[in-house]
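We did not get these values from a lab; they are worked out from the coordinates using the rules stated. Quantities reported herein were computed from a predicted structural model and do not represent experimental measurements. All Cβ positions, even for glycine, are placed from backbone atoms using ideal geometry, and neighbour counts span all protein chains on display.
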Amino acid sequence: MNKIETIGILTSGGDAPGMNAAIRAVTRAAIYNGYRVMGIKRGYLGLVVDDIEEFTSKSVSNIIQLGGTILKTARCREFMSVEGRRQAYENMSRRGIDALVVIGGDGTLKGASTFEREYNIPIIGLPATIDNDLGGTDRTIGYDTALNTITEAVDKIRDTATSHERLFLVEVMGHMAGYLALNGAIASGAEAAIIPEKDTELDQLADLINRGFRKSKNSAIVLVAENPETGGAMGLAERIKREFPEYDARVTILGHLQRGGSPTAADRILASRLGAEAITALSNGEHNIMIGIRNGELVHIPLHDTANHKACIEQSDINLVKILSI
Ligand code: F6P
């Protein structure tokens, strides 16, 4: 591979709080180490349509505290085609970009892996998604902020649940992973979490009802992980209406509220550490890896392993929600 002089940076997929802190860290660490930096707009689309600008240290001033991504993001269909990636490679070469740092979730890292394989470009991935569903890392950038947002929202919903003595189903995001729902339930003291990793929704719901929360409590909050197959909280509410008509269940879908807002200190620190490490890895000739964090240590994971996410939901955490909600 050629000597790296210019590094391109992009954010792709769903935005996540802390992406800006990562952009800042990558840009400044790169400039500190003598590289040029090019900011690529709207994820891989910016490569395909050549929407690229040079970044200076000043380009990333005053962004560490901002949610979203100053580079914009997209889920780029064009990049999924061979022709789209060829176009992207041509634009990259013409701009003199020798390496990429891509920040995003599983789709972003899969795209990076394919691109690297086809064109032998050094690419480093940084995990950023509120879902926390990437293999090889304990945490993804954005997860902690989303969890805090969920906790604050459920604290507020609890006021109404308690006052009206209702059952609330609060749907959270997660893209078929239950981390936000389960840990959101622990953090907010919810009565149950219904997550895709565990049994069927019906079993989980029956468990909750059979525990007879009405006997000891007059209200309950259940966090439900989004699930297009079952209809998530709405689908569950319909079933409660049919199967347990005595319950006055209400639904709140937190939606994109969970993806916005100023990143927590934990997300800013994670993004800063991962971003700087990406540049160290490139300087050391590493490529085709994602920088992650395991047990507090930075780790380098082959890109193709990051898609193999194995659910790391702990049974003890599931039990914890149950034990603490008696
Ligand atoms: O991957 C992040 C995420 O927020 C998921 O939790 C959710 O399923 C999805 O993105 C929603 O995507 P969009 O904003 O494109 O509707």
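When each of 76, 312 is scored by the number of other beta-carbon atoms lying within 10 Å, the sequence from fewest to most is 312, 76.
From most to least packed by mean Cβ count within 10 Å, the peptides 254-262, 41-49 give 41-49, 254-262. The string of couplings for segment 137-151 from the Karplus curve (6.51, -1.76, 1.60, θ = phi - 60°) is 9, 6, 9, 10, 5, x, 5, 5, 5, 4, 5, 5, 5, 4, 4 Hz, one whole number per residue in order, with x for Gly and Pro. Relative to the longest principal axis of the Cα atoms of the chain, helix 265-283 runs at roughly 30 degrees. For the chain, the longest principal axis of the alpha carbon atoms and the long axis of helix 19-32 meet at an angle near 20°. Close amide H pairs (under 5 Å, H built 1.01 Å from N) link residue 99 with 6, 8, residues at least 5 positions away or on another chain. Pairs of lysine residues in the chain that meet both criteria, 8 or more places apart or on different chains and Cα atoms under 24 Å apart, total 18. For segment 210-309, the set of GluC sites (Glu not before Pro) satisfying both a DSSP loop assignment and a count of at most 13 other C-beta atoms within 10 Å is given as 229, 246. Backbone amide hydrogens, once placed in the peptide plane, bring residue 290 within less than 5 Å of 125, 301, 303, excluding anything fewer than 5 places away on its chain. Kirkwood radius for the chain, taken over all pairs of different Cα atoms as the inverse mean of 1/r, rounds to 20.6 Å. The order of the peptides 53-63, 179-189 by mean Cβ neighbours within 10 Å, most packed first, is 179-189, 53-63.
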